[in-house]
Amino acid sequence: MSSSKHFKHPGAAPADPVMADLLKLGRPGEKREGPSTFVGRVGMQAGLGFAAENERLKAERAEGMVILRLDPKTIGRTRFANRNERSLSSRDAKFKRLKASILAEGQDTPIRVRPAAAGSDKEYELVEGHRRHAAILELDRQTEGGFAILARLDAKAAEAKDLFEKMYRENAEREDLSAFETGSMFAQGLTAGIYRTQRELAARMGLDEATVSQYLTIANLPPEVLAAFGDVRLIAMRWSAALARACKEHGAETLARARKCSRQEPRPEAEAVYKLLTGAGTAARSKRRGSKLSESVKVDNKVLFTVALKDGRFAISPKQIETSELPMLYEDLKSYVHRWLSARKRAKG
């Protein structure tokens, strides 16, 4: 949201005469006089010193855009909706602040819509402004007489590629979309055939292929891994490679850790979940311990075997032991460990 002055709710009395005129538009049951769009109304105000604004809006109209006051219930979401449901819920702190701001100050910036496809049960589809629309939908349910929404009607967004890119740019410019949400949107664009390759998508978004690959990696993580974080918006871009590697190289173990993490209450913080799934913390500790405990045992200057502590486990690599003797070594080691653990248990009482 920008810091510009808010459009006021119809119940308020705005100081700006242009805004006051705008807020007279489209109220249920009212007879409209004169132009029915924001562009037309601003044109009537030219004599009041708004010529420059009028020209800008005329240019937008020439590009197929006008601003309307709409019932938020007449607007639906497209298949490329790029907001995670948590971002559109009153459980989200940012969403709650946005809703409170619109209630107190009015709508800051119009959303962008396009005409809905034939056969839809909605008149319009969202191009951008999913959080604003969700907040005003809630206010509409809670306000007697409803709560209208200001929407920029963009006729040029009828083409899927134009819609897709406008939705991405709106959030990218505000740095407001999470890595998972962006990756999910990119995955939808590829699946729908809007872009044939990651390279084409990257070029259109103004990103390098490696960045697009990171976004897609996060969006395509197994459901168990995503669920482990609780809020997928908290998954950092820099974690993508390590998470993907853990899933590929240690799939069963990683998924088991993810399911265990999902059952924990309270849920660990996102970075703790990342370290648990990738073994980042354990690997670092094992490396430090390994440098002290790893040792090659030699006889007559020949390595007999190597023993090391790795990932919390002991590993023994025989060098000069005959294969036929390995079962005997296994039984002797098992017997020794049993005696050692029993003695430790007795010592601890």
Please find, among THR74, THR78, the residue that is among the hydroxyl-bearing types (Ser, Thr, Tyr) and at pLDDT 90 or above. THR74
Pairs returned, first residue in the range 204-216 that is over 10 Å from THR182 (Cβ atoms), second residue that is modelled with pLDDT under 90, beta-carbon separation under 7 angstrom, 6 or more apart or interchain, are ARG204/GLU165; ARG204/TYR195
Residue by residue through the range 142-160, note down the ones that are open to solvent by less than 40 Å² (accessible area, probe 1.4 Å), touching a helix residue (DSSP H, G or I) at 6+ places or on another chain (Cβ under 7 Å) and at pLDDT below 90. ALA157
Number of the condition not met by LEU255 [criteria: (1) over 30 Å from ASN220 (Cβ atoms); (2) modelled with pLDDT of 70 or more]: (1)
When ALA117 is run through (1) hydrophobic (A, V, I, L, M, F, W, C); (2) farther than 28 Å from ASP231 by Cβ; (3) at pLDDT below 90; (4) open to solvent by less than 60 Å² (accessible area, probe 1.4 Å), the failure sits at (4)
Are there any pairs with C-beta distances below 7 angstrom linking a residue in the range 67-94 that is of a type in the set (Asp, Glu) to a residue that is modelled with pLDDT of 85 or more and not in a helix (DSSP H, G or I), with the two at least 6 apart or on different chains, and if so which? ASP71/GLY146; ASP71/ALA148
If only one of LEU201, LEU139, LEU163 is closer than 30 Å to ALA244 by Cβ, open to solvent by less than 20 Å² (accessible area, probe 1.4 Å) and at pLDDT 90 or above, which one is it? LEU201
Condition (residue is farther than 18 Å from ARG132 by Cα, open to solvent by 10 Å² or more (accessible area, probe 1.4 Å), at pLDDT below 70 and assigned to a strand (DSSP E or B)) applied to the range 57-70: is it met by at least one residue? yes
So how many residues does the range 184-224 have that are assigned to a loop (DSSP other than H, G, I, E, B) and either in contact with an Asp or Glu (Cβ under 8 Å, 6 or more places away or on another chain) or among the aliphatic types (A, V, I, L, M) (or both)? 4
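When you scan the range 233-241, do you find a residue that is modelled with pLDDT under 90 and either crowded, with 22+ Cβ neighbours inside 10 Å or touching a helix residue (DSSP H, G or I) at 6+ places or on another chain (Cβ under 8 Å) (or both), even just one?
Just the residues of the range 233-241 that are modelled with pLDDT under 90, to begin with: 233-234.
In the following step, the residues that additionally are either crowded, with 22+ Cβ neighbours inside 10 Å or touching a helix residue (DSSP H, G or I) at 6+ places or on another chain (Cβ under 8 Å) (or both) were identified as 233-234.
Yes; the residues of the range 233-241 include at least one that is modelled with pLDDT under 90 and either crowded, with 22+ Cβ neighbours inside 10 Å or touching a helix residue (DSSP H, G or I) at 6+ places or on another chain (Cβ under 8 Å) (or both).
The values are calculated or read from the model by the stated rules, or taken from the named source; none is laboratory data. Quick caveat, the model's predicted, so the values are computed rather than measured. Methodologically, a virtual Cβ is constructed for each residue, glycine included, from the backbone with ideal geometry; neighbour enumeration extends over all protein chains shown. For the accessible areas, the whole protein counts, side chains as well, though only heavy atoms, and no ligand, DNA or RNA atoms are used. Shrake-Rupley method; radii C 1.70, N 1.55, O 1.52, S 1.80 Å.
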